[in-house]
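The values are calculated or read from the model by the stated rules, or taken from the named source; none is laboratory data. Predicted, not measured: the structure shown is a model, and the values here were computed from it. Please note: Cβ atoms are built from the backbone with ideal geometry, for glycine as well, and neighbour counts cover all protein chains shown.
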Amino acid sequence: MLRRSALTTIFALSAGIAGAEPITLKRGLNGELWYNWGSIAELQADPEALAVFPDWRRHLTPSMFAALSEQGFDFIRMPTDPGPALAAGPGAEQDRLIDGMIEAVRIGLDADLKVILDLHPLPRGDEVGGIESLLGNHFPDYVALVGRIAARLAELPQDRVALELLNEPSFDCEGVYAGAPPKWPAMQAELHAAARAAASDLTIILTGACWGQAKALASLDPGLIADDNVIWTFHSYAPFAFSHQGAGWTGAPERYLSDLAYPPSRMTPETVAQVIESSAARMAEAEGTADIEAIMREVQDYAAMSDSYATDDIDVAVAWADAHGVPRDRILLGEFGAMNTVFGKVQPPEWYHDFLADKRRAAEAAGMGWAILSWTGEMGVADPASPDRRLSPGTCRALGLPCGN
C-alpha cells in the first residue's frame, strides 16, 4: 500500500503539465490482438512466434486499413499485448518488440486513421507478463515499460496518436463497489506520470478498474490527474446475457445460452421456454449436469429488462462527466459489441444491428466517440466474404457509416 507522501508525489507528477489538447475520436474500430495464443514462454521459445510483433501484422494488408478510412472510420484502437515486452525486460529484445508496436501504429497512420495504441495484456496466471503479474509484483516494471512506449510514440504525429495505459484493469472491484480502499487510482496516476514525463504532448487514455465498467469510471475523481490532454474511457456490453451468449471465454450460464433476441421486448414466453430448454441441454452435455435455476434466472431476468437497459452505461458516464466538468467529447465508449455467431449459427442480423445502433446512437447523442468490437471473429463486424474486410450494408447502417455510398 502506498503511503500518503508517495501518493502526493505521484499526483503532483500527474498534474497539469501538458499543454496540448486531446485528439478527437469519433468513429472507431477495435483491431486484432493475437493469432498466436501461446504462453509467453512458448512464444519466446519459438524464434518465429515473435519475429513479427504484433503478430496480426502477418495477416493484415494496407488495403484493409485503407478500407476502414474509406468506410467512414476515423480511428482504430490497436490492442497490443505488452506481456512479451515486459517479460523480456529492458534491452534489445524489448526495444525490438516496441519497434513492432510503433510499426503497427504507422500502418494505421498511413491509412489516414488516428490510432490508439491499447496496452491489452492477457490473463496468464502466474506467468510474468500476464495481467495478474502486471498488476502485482511486476507493476514497477510495467510503469517503466509504459514510459518507454510513450517515448517512442512521442516521435509520431501527436495530433493523431494516443496511448491507452491499460485495457480493463481486472481487479479492485471491492474498491469500486464494496467500499474498500481503492488501489487503481494511485496506480493509474503512476502510469500516467511515467507516460507524461516521456511524452509531453501525447494524448493519454484513462479508465476505471473492475474491467473498465462505466460504474468504475464513475467512481474516479478525475481531479487526481489534472491533465487536460487525457480521454476517459469505459466499455459497455450490457445486457451481458445478450452480448456474450455462447461466448466460450465466459462462465456459466452465459456460455451455454443462444437465441436470446434483442431488444428484450422481442422475447416472448415461448422464446423464453425454448432458450431455457436448449441452453440446459447444452450445459448438461458439456458438464454432465445443468444448473436449471441459474439458466432460468438469467433468461427470465433478461426478458424482463427494459429495452433502454443497453444504454444505461452511457448515461452513467455522462452523469459523471457532467458532475466533474469533463467535456463529453473527452469520454470514449472504447468497446461495445455482441456475438453475431453463436455455436456456429449466425444470429438474426436485425438483433445484432439493433444492438449496435442503440449503443452507437446513444453515444453520439451524448457527444462521445465510440469504438466497435471487433474487426473479425464471433463479434466481428467485417463481412467474411470481403477480401478487404469491409462491412456489410446492414452493419454500415447500424453504425451510421457512409461506407463509400
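Here are the numbers for the structure shown:
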| quantity | calculated |
| --- | --- |
| Some residue of segment 339-349 being touching a strand residue (DSSP E or B) at 6+ places or on another chain (Cβ under 7 Å), among the basic types (Lys, Arg) and outside the structural domain of residue 262 (by TED's automatic domain parsing) | no |
| Of all residues in segment 342-379 being in contact (Cβ under 8 Å) with a residue 60 or more places away in the chain and assigned to a strand (DSSP E or B), the one that is farthest from residue 245 (Cα to Cα) | 369 |
| Within segment 1-38, considering residues that are part of a loop (DSSP other than H, G, I, E, B) and at pLDDT 95 or above, the one surrounded by the fewest Cβ atoms within 10 Å (Cβ to Cβ) | 24 |
| Condition met for residue 174 (over 22 Å from residue 30 (Cβ atoms), out of contact with any Lys or Arg (no Cβ under 8 Å at 6 or more places or on another chain), of a type outside the set (Gly, Ala, Ser) and free of Cβ contacts under 8 Å to residues at least 24 places away in the same chain) | yes |
| Segment 173-183, residues that are over 22 Å from residue 336 (Cα atoms) and surrounded by 14 or more Cβ atoms within 10 Å (Cβ to Cβ) | 174, 175, 182, 183 |
| Unmet requirement for residue 298, which otherwise passes all of (1) at negative phi; (2) surrounded by 16 or more Cβ atoms within 10 Å (Cβ to Cβ); (3) assigned by TED's automatic domain parsing to the domain that holds residue 59 | (3) |
| Total residues in segment 278-294, condition surrounded by 13 or more Cβ atoms within 10 Å (Cβ to Cβ) and out of contact with any Phe, Trp or Tyr (no Cβ under 7 Å at 6 or more places or on another chain) | 7 |
| Enumerated helices (runs of 4 or more DSSP H) restricted to segment 101-204, each holding at least 2 residues that are touching a Leu at 6+ places or on another chain (Cβ under 6 Å) | 139-153, 184-198 |
| Residue 154 vs. criteria among the hydrophobic types (A, V, I, L, M, F, W, C), in contact with an Asp or Glu (Cβ under 9 Å, 6 or more places away or on another chain), at pLDDT 95 or above and surrounded by fewer than 22 Cβ atoms within 10 Å (Cβ to Cβ) | yes |
| Residues of segment 108-151 satisfying the condition of being crowded, with 21+ Cβ neighbours inside 10 Å and under 30 Å from residue 70 (Cβ atoms) | 108, 113, 114, 115, 116, 117, 118, 119, 120, 149 |
| Of the criteria (1) at pLDDT below 95; (2) surrounded by fewer than 19 Cβ atoms within 10 Å (Cβ to Cβ); (3) closer than 24 Å to residue 331 by Cα; (4) under 23 Å from the mean Cα position of the chain (by Cα), which one residue 74 fails | (1) |
| Selection count where residues are among the small types (Gly, Ala, Ser), assigned to a loop (DSSP other than H, G, I, E, B) and exposed (fewer than 12 other Cβ atoms within 10 Å of the Cβ), scope segment 39-64 | 1 |
| Top-ranked residue in segment 317-341 [being aliphatic (A, V, I, L, M) and surrounded by fewer than 17 Cβ atoms within 10 Å (Cβ to Cβ); ranked as farthest from the chain's Cα centre (by Cα)] | 323 |
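One line per residue, one yes/no per condition, for (1) out of contact with any helix residue (DSSP H, G or I) (no Cβ under 8 Å at 6 or more places or on another chain); (2) surrounded by fewer than 20 Cβ atoms within 10 Å (Cβ to Cβ); (3) not assigned by TED's automatic domain parsing to the domain that holds residue 73:
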| residue | (1), (2), (3) |
| --- | --- |
| 364 | yes, yes, no |
| 372 | no, no, no |
| 375 | yes, no, no |
| 385 | yes, yes, no |
| 390 | no, no, no |
